[in-house]
Amino acid sequence: MIEKHIVLEDIDPVMLYGVNNAHLQVIKGLYPKLRIVARDNVLRVLGDEEQMATFERQIEKIRLHVLKYNAIGEEDIINIIKGHKTQEDTAKDVVVYNLAGRPIKSRSENQQMLIDAYEKDDMVFAIGPAGTGKTYLSIALAVKALKEKTAKKIILSRPAVEAGEKLGFLPGDMKEKIDPYLQPLYDALEDMLPTVKLQDLMEKNVIQIAPLAFMRGRTLSDAVVILDEAQNTTSAQIRMFLTRMGMNTKMIITGDLTQVDLPRGTMSGLRETINILKDVKGISFVYMNDKDIVRNKLVTRIVKAYEKAEAENKLKTVHNKNQQDINLQDNESIDKH
C-alpha cells in the first residue's frame with residue numbers, strides 16, 4: 001500500500017468534485033479499492049501502486065478536460081475513466097470555453113481573421129465599431145495562451161478617459177478609482193475563468209489589469225498584452241505602449257475610431273499609428289464592420305443609423321462649403337463690375 005497526494009493545478013477543484021461532491025462520489029465508485037480523500041485542491045489517495053498509477057493518469061485527463069471546457073459532467077468522468085470517447089471540438093476555430101462550457105470561437109469572417117492574424121504576427125490591431133467582439137475575442141486568445149502555457153502573463157490595459165461625462169471626484173484608493181474604467185475587461189475574464197481562480201491569478205500578478213499610464217517604464221515579456229479602447233490614446237501614449245513589447249510577447253490593440261472621447265482638437269493616437277505602421281512587417285490590421293456585431297440585433301441597426309447620419313452630415317458640410325464658394329465667387333464678380 002502506498003499513499004500519494006495529487007495537486008489539482010490550474011482549475012477550480014469544486015468543478016471537478018461536483019455539487020455536494022457528487023462527481024467525487026462517482027470517481028470513488030469507479031475505484032473501490034482506493035481510499036480517496038479530498039481537501040481543497042489536493043486529493044489524498046491510498047492503495048495499490050498499480051491502481052494508483054492508473055488513477056493518476058485518469059485524474060490528469062479529467063483535470064485537462066475541466067481546464068479546457070470549464071465544465072465536466074458525471075458522464076464525462078465515466079467516459080474518461082472507462083476510456084470511452086468524450087466531448088470533441090465542433091470546430092477548429094474554438095478558442096476557449098466559457099464557464100457554462102460553451103465554445104468561444106469566431107462568429108464572422110473578420111473575427112476569424114483576427115484569430116489568424118494573432119497566430120501569424122506578434123502585433124495585431126483590431127479596429128471596428130462597438131459589439132464586434134474585438135475585446136472579448138482578444139481576451140479569449142490571451143486566456144488560451146495562459147492555459148496552454150505559451151504565455152506566462154496576461155496584461156490588460158485601457159486609457160482612463162471619461163466617455164463624455166465629468167465623473168468628478170471618485171472616492172477610495174487608487175484601485176477603486178480606476179476600476180470603473182477597467183470593468184469591461186473584468187467582465188470578459190469572469191466569463192472565462194472561475195472566480196476563485198481569477199482572484200488567485202490576479203493576486204499573483206499572472207493577470208494584470210491597469211490603466212495605460214501604469215505601463216510607462218515597463219518591459220512586457222512572456223505575455224499576451226491587450227490595449228483596449230486605443231482610440232482614446234494620444235500619439236505619445238500609444239507610442240509608449242507599443243515600445244513596451246518584450247521577448248515572447250504578443251500585443252493586441254483594439255479600438256473604435258467612431259467613438260473618440262479625447263478633448264476636442266486632440267488627434268487620436270490610434271488613427272495616427274495606423275498610418276505610420278500600416279506597412280511594417282510583422283504587424284496585422286483587422287478591420288471589422290457592422291456585419292461582425294454579435295450583440296443584440298438592435299446594436300447593428302443603431303450603428304448603421306449613426307453611420308448614415310454621419311454620411312449625410314458630411315454631404316451637407318460639403319454642399320454648404322461649395323455653396324459658400326459659389327457665393328464668394330459671385331460677390332467677387334459683382335465687385336469687379
Next item on the list: Output the number of residues of the stretch 4-21 satisfying the condition of being surrounded by fewer than 17 Cβ atoms within 10 Å (Cβ to Cβ) and among the small types (Gly, Ala, Ser).
Entry: 0
Next item on the list: Hey, can you tell me all the residues within the stretch 212-223 that are open to solvent by 60 Å² or more (accessible area, probe 1.4 Å) and either more than 19 Å from Leu146 (Cα to Cα) or part of a strand (DSSP E or B) (or both)?
Entry: Ala213, Phe214, Arg216, Gly217, Arg218
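How many residues does the stretch 74-93 contain that are assigned to a loop (DSSP other than H, G, I, E, B) and either modelled with pLDDT of 85 or more or more than 30 Å from the chain's Cα centre (by Cα) (or both)? Write out each step before concluding.
Restricting attention to the stretch 74-93, the residues satisfying the condition of being assigned to a loop (DSSP other than H, G, I, E, B) are 83-93.
Filter again for either modelled with pLDDT of 85 or more or more than 30 Å from the chain's Cα centre (by Cα) (or both), leaving 83-85.
Adding up the residues that qualify gives 3.
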Item checked: Given (1) open to solvent by less than 40 Å² (accessible area, probe 1.4 Å); (2) at pLDDT below 85, number of the condition Glu162 does not satisfy -> (1)
Next item on the list: List every residue pair whose Cβ atoms sit under 7 Å apart, with the two residues 6 or more apart in sequence or on different chains, where the first one lies in the stretch 193-207 and is farther than 13 Å from Pro13 by Cα and the second, anywhere, is surrounded by fewer than 16 Cβ atoms within 10 Å (Cβ to Cβ) and among the acidic types (Asp, Glu).
Entry: Leu198/Glu190
Note to self: What's the total number of residues in the stretch 22-52 that are part of a helix (DSSP H, G or I), at pLDDT 90 or above and open to solvent by 20 Å² or more (accessible area, probe 1.4 Å)?
What the structure shows: 7
Next item on the list: Could you please find all residues in the stretch 171-192 being open to solvent by 70 Å² or more (accessible area, probe 1.4 Å) and either among the hydroxyl-bearing types (Ser, Thr, Tyr) or modelled with pLDDT of 90 or more (or both)?
Entry: Asp187, Glu190
Next item on the list: Return the total of residues in the stretch 128-158 being open to solvent by 10 Å² or more (accessible area, probe 1.4 Å) and farther than 27 Å from Lys204 by Cα.
Entry: 3
Note to self: With within 24 Å of Thr132 (Cα to Cα), open to solvent by 30 Å² or more (accessible area, probe 1.4 Å) and not small (Gly, Ala, Ser) as the only criterion, which of Thr234, Thr254, Thr195 stands out?
What the structure shows: Thr234
Note to self: I'd like to verify a number: residues in the stretch 61-81 that are open to solvent by 30 Å² or more (accessible area, probe 1.4 Å), farther than 22 Å from Asn20 by Cβ and touching a residue at least 24 places away in the same chain (Cβ under 8 Å), how many?
What the structure shows: 1
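May I ask you to say which residue of Ile283, Ile209, Ile226, Ile293 is touching a helix residue (DSSP H, G or I) at 6+ places or on another chain (Cβ under 6 Å), open to solvent by 10 Å² or more (accessible area, probe 1.4 Å) and modelled with pLDDT of 95 or more?
Details: Ile209 fails: modelled with pLDDT of 95 or more; Ile226 fails: open to solvent by 10 Å² or more (accessible area, probe 1.4 Å); Ile293 fails: modelled with pLDDT of 95 or more.
Ile283 is the lone residue from the list that is touching a helix residue (DSSP H, G or I) at 6+ places or on another chain (Cβ under 6 Å), open to solvent by 10 Å² or more (accessible area, probe 1.4 Å) and modelled with pLDDT of 95 or more.
The values are calculated or read from the model by the stated rules, or taken from the named source; none is laboratory data. A quick note: this is a predicted structure, and the numbers were derived from the prediction, not measured. All Cβ positions, even for glycine, are placed from backbone atoms using ideal geometry, and neighbour counts span all protein chains on display. Note: areas computed on protein heavy atoms with side chains; ligands, DNA, RNA excluded. Shrake-Rupley method; radii C 1.70, N 1.55, O 1.52, S 1.80 Å.
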